[in-house]
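**Student:** Below are the structure tokens for one structure; questions will follow.
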Amino acid sequence: MDDAKPIPHYIGTPIITMKGISRRFGHTLALDNVSLDVRRGEVLMIVGPSGSGKSTLLRCINYLELPDAGMVEIDGVVLSRHGVDLNRIREHVGMVFQRFELFPHLTVIQNIMLAQRIVAKRSPQASEQIARDLLAKVGIGEKADSYPVQLSGGQQQRVAIARSLAMQPKVMLFDEPTSALDPEMIKEVLDVMLDLAREGMTMVIVSHEMGFARAAANRVVFMDQGRIVEMGAPEQVFDNPHHDRTRLFLSKVLQH
């Protein structure tokens, strides 16, 4: 992966605001009164040990997980407000999962066209053109007529990214997008994400890819036991962490 910093871009006012978010699963408190803003054009990386609440927090942003307490606001809309159309909100919040979630019976281009046709009501011609342009953007234009089973894991994940981008989202959420990939496939996915960062896409990423965080993230959030322990620029969090818990975690995941 290219470790150069992305082209600087303007980071504006918050597009995501989370206040006092808590979420329980039985007796387990997965999120404990978490508050967080994500600004327009920001790349925010969430790191932490397994079970720290990272993915739950990400899924609370678009209400794939419903918070037990607290408020989420996206682009001025409070998601818990009566009458809010969550599906309409989610059209503008792309999400890329650990396990690609492609339809196996559809070709690559059909996977990317589907939501455009059904949700965005675009014509077949417009949907196909957007799909082909995005496949070229993520470097697999020649795979348009292949089926997911014919692709590598890295290629499938790039299709999943293209599918999310086809809806022209304001925000992209990534839930450990490289954790299911073989090591040699990770770089091709991270390179696509780095390009998005350079273009100013607002992204919230749960990942253990610390090299990517240094190259692309504006802020890093370290979570443990359902709380935000530390937050700051990558160089501050990685090179001069303030908290013992952060230092202990980083000593185990960073290669020196």
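**Student:** Restricting to region 168-195, what's the tally of residues that are touching a Pro at 6+ places or on another chain (Cβ under 8 Å) and open to solvent by 30 Å² or more (accessible area, probe 1.4 Å)? Steps first, please.
**Tutor:** Taking region 168-195 as the starting set, the residues that turn out to be touching a Pro at 6+ places or on another chain (Cβ under 8 Å) are 189, 193-194.
Filter once more, keeping what is open to solvent by 30 Å² or more (accessible area, probe 1.4 Å): none.
Residues in region 168-195 being touching a Pro at 6+ places or on another chain (Cβ under 8 Å) and open to solvent by 30 Å² or more (accessible area, probe 1.4 Å): 0 in total.
**Student:** Here is a follow-up. Of (1) of a type in the set (A, V, I, L, M, F, W, C); (2) surrounded by fewer than 22 Cβ atoms within 10 Å (Cβ to Cβ); (3) part of a helix (DSSP H, G or I); (4) more than 13 Å from the chain's Cα centre (by Cα), residue 159 satisfies all except one. Which?
**Tutor:** (2)
**Student:** Any residue at all in region 109-125 that is within 23 Å of residue 148 (Cβ to Cβ), open to solvent by less than 30 Å² (accessible area, probe 1.4 Å), assigned to a helix (DSSP H, G or I) and touching an Asp or Glu at 6+ places or on another chain (Cβ under 7 Å)?
**Tutor:** Yes, the conditions are met somewhere in region 109-125.
**Student:** Okay, moving on. How many residues does region 49-75 hold that are aromatic (Phe, Trp, Tyr) and not in a loop (DSSP other than H, G, I, E, B)?
**Tutor:** 0
**Student:** In region 69-108, what residues are crowded, with 18+ Cβ neighbours inside 10 Å and among the basic types (Lys, Arg)?
**Tutor:** Residue satisfying the conditions is 90 alone.
**Student:** Which one is farthest from the chain's Cα centre (by Cα) among residues in region 214-256 that are in a loop (DSSP other than H, G, I, E, B) and among the hydrophobic types (A, V, I, L, M, F, W, C)?
**Tutor:** 254
**Student:** Follow-up. For region 169-217, which residues satisfy the criterion of being at positive phi and of a type in the set (D, E, K, R)?
**Tutor:** 176
**Student:** State the number of residues belonging to region 209-254 that are open to solvent by 30 Å² or more (accessible area, probe 1.4 Å) and among the aromatic types (Phe, Trp, Tyr).
**Tutor:** 0
The values are calculated or read from the model by the stated rules, or taken from the named source; none is laboratory data. Quick caveat, the model's predicted, so the values are computed rather than measured. Ideal geometry is used to build each Cβ from the backbone, glycine not excepted, and the neighbour counts take in all protein chains shown. Areas reflect the complete protein model, heavy atoms only, side chains present, ligands, DNA and RNA absent. Shrake-Rupley method; radii C 1.70, N 1.55, O 1.52, S 1.80 Å.
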